[in-house]
Amino acid sequence: DYTRAGIFIGTEILILGSYFRINREVDWKINSYQMYAYRYADVELNSGEDYYRLINSYISSEVYNNEIELWLRNRFIIYEYDPDSYYFYLDRFLIPEEDAWDWESRENWLGYREIRRDKQRLEILANFAIGAAVLNRLISVIDSAVLARRINRESTILSNISIEPDLIRKGYMLSYEFKF
């Protein structure tokens, strides 16, 4: 059925085109939030996804460092009294001065966060496009199986019954073929 095949192929092309377009837009958003962070928070370009995620959560490295220091002090000095672990984790988790950032205003920080949210929304849409492609193929397989079964049933009744004489047994041989 050429009409059905055209619909499924056309749908597949649209879905795959959407997927590739969305991925291109994700790359543009990544570039946008990196440039935005470079411009407004003095963050080095291509700093790594973990770092961009961190600056998304805190308005400045000073606020982040204060929170980490407070949490570590409460845990390792007040509750457990383990100064060695306190200093170990301070060295591990505090942001050094060369990697510091400051958004300078809440508007700058919220602008960055909005660009990151747009990127995440686009990634979700890309995942939906993959799901739609799989669903389209599944529906296509089911549709072709149903169509093939219908065609086989119609031809089976009319053309796959044969009656032949059986001279050895002195009778007739009836053959019937059923395709599914």
With axes computed from alpha carbons, what is the tilt in degrees of helix 83-93 against the longest principal axis of the chain, rounded to the nearest 10 within 0 to 90? 60 degrees
Ordering W28, W103 from largest to smallest accessible area (1.4 angstrom probe), what's the sequence? W28, W103
Rounded to the nearest 10 degrees, the helix 106-159 long axis (Cα) sits at an angle to the longest Cα principal axis of the chain of 10 degrees
Where only C-alpha atoms are counted, convex hull volume of the chain per residue in Å³: 237 Å³
Can you give the angle from 0 to 90° between the axis of helix 2-41 and the longest principal axis of the chain, with both taken from C-alpha atoms, to the nearest 10? 10 degrees
Heavy atoms only, probe 1.4 angstrom, no DNA, RNA or ligands counted: give me R53, R113, R137 ranked by accessible area, highest first. R137, R53, R113
Let me have the relative contact order for the chain, percent, based on Cα pairs under 8 Å that are six or more residues apart. 28 percent
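How many percent of the accessible area of region 39-120 is carbon or sulfur, using a 1.4 Å probe? Numbers along the way, then the final one.
Details: 2540 of 5600 Å².
Accessible surface attributable to carbon and sulfur in region 39-120 totals 45 percent.
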Using 7 Å Cα-to-Cβ label points, what is the E107/E49 separation (nm, one decimal)? 3.2 nm
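For region 52-114, what is the accessible area per residue in Å² when the probe is 1.4 Å?
Numbers: 4320 Å² over 63 residues.
Value for region 52-114: 69 Å² per residue.
The values are calculated or read from the model by the stated rules, or taken from the named source; none is laboratory data. Just so we're clear, the structure is a prediction, and the values are computed from it rather than from any experiment. Neighbour counts are summed over all protein chains in view; Cβ atoms, including those assigned to glycine, are modelled from backbone coordinates with ideal geometry. These area figures cover heavy atoms from the full protein model, side chains too; ligands, DNA and RNA do not enter into them. Shrake-Rupley method; radii C 1.70, N 1.55, O 1.52, S 1.80 Å.
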